[in-house]
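Take a look at the structure below.
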Amino acid sequence: MASGTKRKWSDFLTCRQVLNIMVILGFMFNYMLRVNLTIAIVDMVIDSSPKNATSNLTKVALQESTRFDWDAGQKNDILGSFFWGYVLTELPGGRMAEIVGARRIFGGGMLAASILTVLTPAACYMHYYVVITLRVLVGFFLGATWPAMPPMAAKWIPPMERSKFIANMMASSLGAALTLPVCGFLISSVGWASVFYVTGAVGIAWSILWFLLIADSPAQHPRISMEERMEIETKIAEGEGGKSIKPDTVPWMKLMTSFPVWAIIITHGCSVFGYFTVVNQLPTYMKDVLHFNIKKNGLLSSLPYLGKYVMAIISSYFADLLRRSGKLSTTATRKIFTTFALTLPGILMMVQAIWGINAALSVTVFTGALFFNGAVTAGYLSNALDIAPNFSGTIFGLANTLSSLGGWVSTKIVALITGQQSTFENWRYIFWILMGTYLFGAIFYLIFGTGKMQKFNSVQNGYIDGKEMKPLKSKAESEKEKEIIA
């Protein structure tokens with residue numbers, strides 16, 4: 001059947017709408033596979049504190065048979081090991097998505113990580129080092145997924161709609177928000193092992209649907225209508241850089257010496273450092289300092305992520321609206337939303353450092369900090385598609401590599417500061433560090449960020465009289481267009 005023939009389902013959902021739905025679900029489940037351990041490990045480790053000691057030998061024996069005697073250092077090594085693998089595939093994942101397509105990279109990474117997640121309980125009973133190895137592999141496969149999305153956006157989403165599409169990636173926060181209370185319920189009802197079986201099975205099911213429903217570009221989609229394909233390709237071609245000729249190789253020297261690129265990399269690193277610290281450590285802080293039980297812990301830990309997703313959707317909608325209306329340039333839009341997204345969380349971390357012993361205030365501060373930080377989707381997070389859509393995956397990979405290192409460093413910092421005594425006085429140092437990191441990222445982007453297309457995005461001989469040439473089509477693409485027109 002020709003690609004221009006409509007199917008019945010397309011009367012209700014376009015291929016681009018299906019892509020949006022699958023990306024939203026994909027990033028939800030992506031974070032399920034990442035944060036499931038952060039809530040489960042609270043119940044996986046034997047609590048050796050004096051107040052929980054018991055003289056009931058049967059109870060102690062049962063506890064030791066289902067939990068593990070990992071100290072604070074080992075616990076944080078397990079949490080941090082994810083980033084050892086994650087950092088290895090960020091840059092290769094973005095570049096591979098530009099070359100072989102985001103469908104294989106994103107879907108394959110999710111499938112492999114989901115299978116490994118199902119195997120996690122068995123690994124825990126084998127040895128502490130087996131758990132670390134498995135988490136390194138989960139990070140390895142998930143590391144390639146995030147930078148695969150900008151190349152997908154470059155082929156499917158018109159320039160003035162890309163902020164909203166990138167906001168779909170913040171469904172990761174929605175995934176975390178749903179995972180934490182669900183995992184809390186599973187742990188209290190069935191046991192911690194069920195967390196890995198359920199989240200792994202969900203990831204496998206999604207991966208199968210992804211490969212059945214998604215294509216790398218409108219031209220490759222077997223079920224897309226002629227009208228939808230032409231609409232997408234026309235809008236992309238009419239946008240800035242839409243007709244640019246993509247270089248055969250990455251212009252590494254120009255890319256690595258570009259201040260706008262480094263503005264994205266540094267700001268992303270600062271923002272995600274704060275986010276990862278909260279994602280990995282909030283359940284522990286709530287248990288050790290605020291003394292929430294596991295079920296309440298999961299529910300309250302989820303509130304900040306819900307806030308972040310809501311802000312991501314709101315800010316991205318307004319960012320695209322302002323750009324389309326011409327009221328704000330792309331540069332002004334990116335700088336305003338980035339400054340907003342990092343400065344307010346920085347201020348809230350200062351509040352947390354001073355008054356964070358109050359449980360109600362802490363929940364409010366963390367929810368507010370991640371809520372405001374959600375505006376990064378309208379800021380620097382979409383910026384690589386503005387300045388170099390042909391290399392958006394590579395730039396995002398570079399940025400996520402730094403942020404991944406920051407995620408690992410944050411676990412070490414928390415272990416160093418709170419390892420001996422997890423008290424509010426010790427946690428204060430962590431909150432001051434987060435405040436400084438957020439504010440530095442905001443200032444750096446405000447100075448060096450831009451929304452202007454960079455020259456290294458296309459080959460220089462692709463310009464004639466200051467205008468970009470239309471790229472030559474491959475024989476296969478030409479035949480495909482003839483088939484559609486016919």
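Each row is one residue, and each column tells you yes or no for (1) modelled with pLDDT under 90; (2) more than 21 Å from the chain's Cα centre (by Cα).
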{"site": "176", "(1), (2)": "yes, no"}
{"site": "196", "(1), (2)": "no, no"}
{"site": "199", "(1), (2)": "no, no"}
{"site": "207", "(1), (2)": "no, no"}
{"site": "229", "(1), (2)": "no, yes"}
{"site": "232", "(1), (2)": "no, yes"}
{"site": "239", "(1), (2)": "yes, yes"}
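Going by what's in this entry, would residue 290 be described as at pLDDT 70 or above, at negative phi and not in a helix (DSSP H, G or I)?
So residue 290 fits the description; yes.
Looking at segment 212-221, which of its residues are among the hydrophobic types (A, V, I, L, M, F, W, C) and over 15 Å from residue 148 (Cα atoms)?
212, 213, 219
Those residues that are under 30 Å from residue 40 (Cα atoms) and of a type in the set (Lys, Arg), I need them from segment 200-234; list them, please.
none
Among the residues of segment 457-466, are any among the acidic types (Asp, Glu) and either touching a helix residue (DSSP H, G or I) at 6+ places or on another chain (Cβ under 7 Å) or modelled with pLDDT of 90 or more (or both)?
Checked segment 457-466: no residue is among the acidic types (Asp, Glu) and either touching a helix residue (DSSP H, G or I) at 6+ places or on another chain (Cβ under 7 Å) or modelled with pLDDT of 90 or more (or both).
Of all helices (runs of 4 or more DSSP H) completely enclosed by segment 160-270, which ones contain at least 3 residues that are in contact with a helix residue (DSSP H, G or I) (Cβ under 6 Å, 6 or more places away or on another chain) and crowded, with 22+ Cβ neighbours inside 10 Å?
Passing ranges, in order: 162-167, 171-189, 193-213.
Of all the residues that make up segment 415-451, how many are touching a helix residue (DSSP H, G or I) at 6+ places or on another chain (Cβ under 6 Å), at pLDDT below 85 and not in a helix (DSSP H, G or I)?
2
Among (1) in contact (Cβ under 8 Å) with a residue 12 or more places away in the chain; (2) closer than 23 Å to residue 207 by Cβ, there is one condition residue 160 misses while meeting the rest; what is its number?
All conditions pass for residue 160, except number (2).
Cβ-Cβ below 8 Å, separation at least six or inter-chain, first residue in segment 167-196 and over 20 Å from residue 30 (Cβ atoms), second outside any helix (DSSP H, G or I): which pairs?
If the second residue must be outside any helix (DSSP H, G or I), no pairs are left.
Filtering segment 377-394 down to residues that are assigned to a helix (DSSP H, G or I) and in contact with a Ser or Thr (Cβ under 6 Å, 6 or more places away or on another chain), which residue is surrounded by the fewest Cβ atoms within 10 Å (Cβ to Cβ)?
385
Quick one: count up the residues across segment 57-99 that are modelled with pLDDT of 85 or more and surrounded by fewer than 14 Cβ atoms within 10 Å (Cβ to Cβ).
Of the residues in segment 57-99, 1 are modelled with pLDDT of 85 or more and surrounded by fewer than 14 Cβ atoms within 10 Å (Cβ to Cβ).
Restrict the check to segment 143-158 and report whether at least one residue is over 22 Å from the mean Cα position of the chain (by Cα) and surrounded by 21 or more Cβ atoms within 10 Å (Cβ to Cβ).
Looking for residues that are over 22 Å from the mean Cα position of the chain (by Cα) and surrounded by 21 or more Cβ atoms within 10 Å (Cβ to Cβ), one finds none in segment 143-158, hence no.
Any residue in segment 375-404 that's closer than 23 Å to residue 346 by Cα: show its pairings with residues that are assigned to a loop (DSSP other than H, G, I, E, B) and modelled with pLDDT of 90 or more at Cβ separation under 7 Å, as long as the two are six or more apart or on different chains.
380/449; 383/449; 383/451
When the residues of segment 423-458 are narrowed to those that are of a type in the set (D, E, K, R) and within 30 Å of residue 159 (Cβ to Cβ), which ends up surrounded by the fewest Cβ atoms within 10 Å (Cβ to Cβ)?
My answer is 452.
The values are calculated or read from the model by the stated rules, or taken from the named source; none is laboratory data. Since the model is a prediction, treat every value here as computed from it, not as a measurement. Ideal geometry is used to build each Cβ from the backbone, glycine not excepted, and the neighbour counts take in all protein chains shown.
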